[in-house]
1. Return the pairs, sorted by first residue and then second, in which the second residue is modelled with pLDDT under 95, the first residue lies in segment 261-274 and is not assigned by TED's automatic domain parsing to the domain that holds residue 244, the beta carbons are less than 6 Å apart, and the residues are 6+ apart or on different chains.
2. Does residue 62 meet the test of being at pLDDT below 95 and surrounded by 17 or more Cβ atoms within 10 Å (Cβ to Cβ)?
3. Could you name every one of the helices (runs of 4 or more DSSP H) located completely within segment 165-267 that has at least 1 residues being within 30 Å of residue 92 (Cα to Cα) and touching a strand residue (DSSP E or B) at 6+ places or on another chain (Cβ under 9 Å)?
4. Going by what's in this entry, would residue 187 be described as on the phi < 0 side of the Ramachandran plot, touching a residue at least 24 places away in the same chain (Cβ under 8 Å) and touching a helix residue (DSSP H, G or I) at 6+ places or on another chain (Cβ under 8 Å)?
5. Of all residues in segment 268-289, which are part of a loop (DSSP other than H, G, I, E, B) and surrounded by fewer than 19 Cβ atoms within 10 Å (Cβ to Cβ)?
6. Keeping to segment 38-52, report how many residues are closer than 29 Å to residue 114 by Cβ and buried (at least 17 other Cβ atoms within 10 Å of the Cβ).
7. For the condition within 23 Å of residue 108 (Cβ to Cβ) and in a strand (DSSP E or B), what is the one hit in 55, 73?
8. When you go through 34, 77 one by one, which is the residue that is within 19 Å of the chain's Cα centre (by Cα) and modelled with pLDDT of 95 or more?
C-alpha cells in the first residue's frame, strides 16, 4: 500500500465509451403491467431472456440464456474462457441466426471437445454457470502483470459506471461487466447471468486484439471462484465489484496474484488480495456517497 498526492473527486461522466448498453433498444426489454403492494396498477420494464446455442465448428457446445445482444462476443468469450478457443486461434467466420437462436464460430484449426464436455463443474454463477475441464490450470499457470490501482481511478470508474444509462437502472434483474483502462471505462456489457456479461467482454477483447495487462475489470456480480478464474484467464490483473466475496474466490485470487476489490460503493471498498498495489491518492472529502437513484435495485416505474 502506498500514498500519493491527494487529488479531488471524480469529474462528471465522460462520453468516451467504445461500447456500452443501449437501454432504449426495444429488443432487450418489454413492458409488463401488474399491481404494487397497495394494489395499485403499475407498469414496469423487464429484461428479455432467450436461449442462444453456441457451436464451435460442427460441434454443439452449450445453450446459454441471454438477452440476445452481441451473440458473437458471447460465443467467442465463452469458448475462450472454457479454453476451447486459444488466443492464437484463427477464427475464419462467425455466423449468427437470431430467429433460430444459434451462433457458430468457425476456426481454421480442427476442434473436437467431446471428452471435455463430459467433464463439467456447476459453478456458483447465476443461471447455473458451467466450467468445463480442469479449474485450477489457469490459476496455477497465471502470470499477471503487477499493475497499480490508484484510488482516484477507482472512485472515478464507479461513479461513471453507476451514473451511465443502463438496462439495470431501467429494468433491474441483470448483471453488468465493464472493461476499464486507468480511470476510463471502455466497454460495458450486460446480461441476465454475470458469467455471460464477462464472456461478452472476453469476446470483444479477443476480436479486437486488446492488451489485457493494463486493464481493470469491473463487475456487479459476486467475486466467486468462477469470476476470478475467468478474469485471470482473460489476463486482466485487477478485478473490482460492488458485491461481496466468497472464500474460494479470495483464495484463488491470492494464488494467481490478482488484485481483488469488493463492496466498492460510494467512498467504501475492501481489498482482500493484491492490496499492496493500491495507491491511495484520492482525497475522500471530495468523494460523494452513492446516490439512491443510482443504486442497483429493481426498477419499478409508476405511470
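The values are calculated or read from the model by the stated rules, or taken from the named source; none is laboratory data. Because the structure is a prediction, the values reported are computed rather than measured. Here Cβ is always computed from backbone atoms with ideal geometry, including for glycine, and neighbour counts include all displayed protein chains.
1. Close Cβ pairs (under 6 Å, with a partner that is modelled with pLDDT under 95) do not exist here.
2. Numbers: at pLDDT below 95: yes; surrounded by 17 or more Cβ atoms within 10 Å (Cβ to Cβ): yes.
Yes.
3. In segment 165-267, the matching helices (runs of 4 or more DSSP H) lie at 194-207, 225-234.
4. Yes, satisfied.
5. 283, 288, 289
6. Of the residues in that region, 1 qualify.
7. Checking each option against the conditions leaves just 55.
8. Values: 34 fails: within 19 Å of the chain's Cα centre (by Cα).
Checking each option against the conditions leaves just 77.
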